[in-house]
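For reference, the structure discussed in these notes is given below.
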Amino acid sequence: MKICSWNVNGIRAVLQKGLLEWIKKESPDVLCLQEVKAFETQIPAELRFFLQEYQYIWHAGQRPGYSGVATFWKKSLNVHQMKSTFVEVEHFHEDGRVVEIQFSDFVLLNIYFPNWWERADGTEMLSYKLWFYERFLKYIDDLRAQWKKIITTWDFNICHHEIDIARPKENENSIWFLPIERAEMDKMVAHGYVDLFRRFNPELKDKYTWRSYRAGARPRNVWRRLDYFWVSEDVVPLVTRVAHQDDVMGSDHCPIVLEMNI
């Protein structure tokens with residue numbers, strides 16, 4: 001099984017920048033998109049037509065052009081459940097942040113975690129962001145208590161370690177790299193969850209997933225690793241490949257890919 005995940009930073013914009021060609025090349029069994037920034041009624045016709053062999057869930061926020069996640073999966077896959085109590089938390093639902101699908105072998109959560117800007121209702125974000133992390137960890141722990149394998153893919157909006165950010169010393173007091181944020185990832189490790197890219201590439205440097213649109217950021221590799229696959233430990237033996245496709249253009253994020261023997 002191949003799962004591809006990409007923060008597209010606007011589905012309608014990335015369609016003009018090679019999205020369909022990339023999907024055709026990768027042919028994912030499951031496609032997870034974040035920051036689609038469109039309501040379901042605004043799904044472009046060419047995307048609907050191109051993905052006819054897939055079913056999907058589209059979770060948009062209430063604010064136009066803000067947030068939104070979507071998960072597509074091939075109709076041949078065995079899906080058991082598509083309902084999540086996590087997303088029923090009012091603020092999470094309003095912002096369009098979570099799609100959960102329970103397959104026969106695992107639970108897949110596609111999430112766009114809060115960033116550092118204001119929420120759609122204008123409220124301060126950092127405390128909301130930390131609350132989101134807390135609720136998320138409790139939720140997946142509850143799933144684990146039911147003996148479910150967990151795969152999460154997301155734009156987590158945190159760089160965990162110094163190796164995950166260019167110029168860590170200059171950014172040690174910056175959002176995305178604050179100690180209070182990074183501690184949330186430490187909690188995930190303590191609860192038995194695995195950052196797959198780092199598990200398979202523990203010392204690999206200069207591999208990031210987000211770069212600023214500002215001139216010169218890309219050639220100077222001034223990037224951050226904000227996009228992850230985190231899984232429960234029992235998923236790790238199934239993994240055959242995990243990769244960042246940092247040569248793929250079209251968004252300020254790059255796609256990430258997970259392949260498994262499932």
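The values are calculated or read from the model by the stated rules, or taken from the named source; none is laboratory data. In this text, all values refer to a predicted model and were calculated from it rather than measured experimentally. Heads up, the Cβs are rebuilt from the backbone with ideal geometry, glycines too, and the neighbour counts pull from every protein chain shown. We work out accessible area using only protein heavy atoms, side chains counted, and drop any ligands, DNA or RNA first. Shrake-Rupley method; radii C 1.70, N 1.55, O 1.52, S 1.80 Å.
Listed values, structure above:
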read-out: One residue from E90, E100, E35, E40 being charged (D, E, K, R) and at pLDDT below 80; value: E90
read-out: Selection within the stretch 1-39 - surrounded by fewer than 18 Cβ atoms within 10 Å (Cβ to Cβ) and assigned to a helix (DSSP H, G or I); value: R12, A13, L15, L20, E21, K24, K25, E26
read-out: Residue match in the stretch 181-194 (condition: within 15 Å of the chain's Cα centre (by Cα), closer than 19 Å to C32 by Cβ, buried (at least 22 other Cβ atoms within 10 Å of the Cβ) and modelled with pLDDT of 90 or more); value: no
read-out: Selected residue (criterion: modelled with the lowest pLDDT) from residues of the stretch 237-262 that are in contact with a helix residue (DSSP H, G or I) (Cβ under 9 Å, 6 or more places away or on another chain) and under 21 Å from N78 (Cα atoms); value: I262
read-out: Test set (1) over 23 Å from F106 (Cβ atoms); (2) among the hydrophobic types (A, V, I, L, M, F, W, C); (3) at pLDDT below 95 - F136 fails condition number; value: (1)
read-out: Which listed residue, of K83, K75, is among the charged types (D, E, K, R), at pLDDT 80 or above and either on the phi > 0 side of the Ramachandran plot or loosely packed, with under 15 Cβ neighbours inside 10 Å (or both); value: K75
read-out: Some residue of the stretch 166-173 being outside any strand (DSSP E or B), exposed (fewer than 13 other Cβ atoms within 10 Å of the Cβ), among the small types (G, A, S) and modelled with pLDDT under 95; value: no
read-out: Index of the failed condition, H160 passing every other in (1) modelled with pLDDT of 95 or more; (2) of a type outside the set (K, R); (3) farther than 17 Å from K129 by Cβ; (4) crowded, with 17+ Cβ neighbours inside 10 Å; value: (3)
read-out: Residue in the stretch 197-214 that is of a type outside the set (A, V, I, L, M), part of a strand (DSSP E or B) and either at pLDDT 95 or above or under 14 Å from the mean Cα position of the chain (by Cα) (or both) present; value: yes
read-out: Output for the stretch 229-262, where each listed residue is closer than 27 Å to S212 by Cα, β-branched (V, I, T) and open to solvent by 20 Å² or more (accessible area, probe 1.4 Å); value: V242, V248
read-out: Enumeration of residues in the stretch 133-165 that are acidic (D, E) and part of a helix (DSSP H, G or I); value: E134, D141, D142, E162, D164
read-out: Residues that are in contact (Cβ under 8 Å) with a residue 12 or more places away in the chain, more than 16 Å from N7 (Cβ to Cβ) and either open to solvent by 90 Å² or more (accessible area, probe 1.4 Å) or touching a strand residue (DSSP E or B) at 6+ places or on another chain (Cβ under 8 Å) (or both), drawn from the stretch 40-64; value: E40, I43, L51, E53, Y54, Q55, Y56, I57, Q62, R63, P64
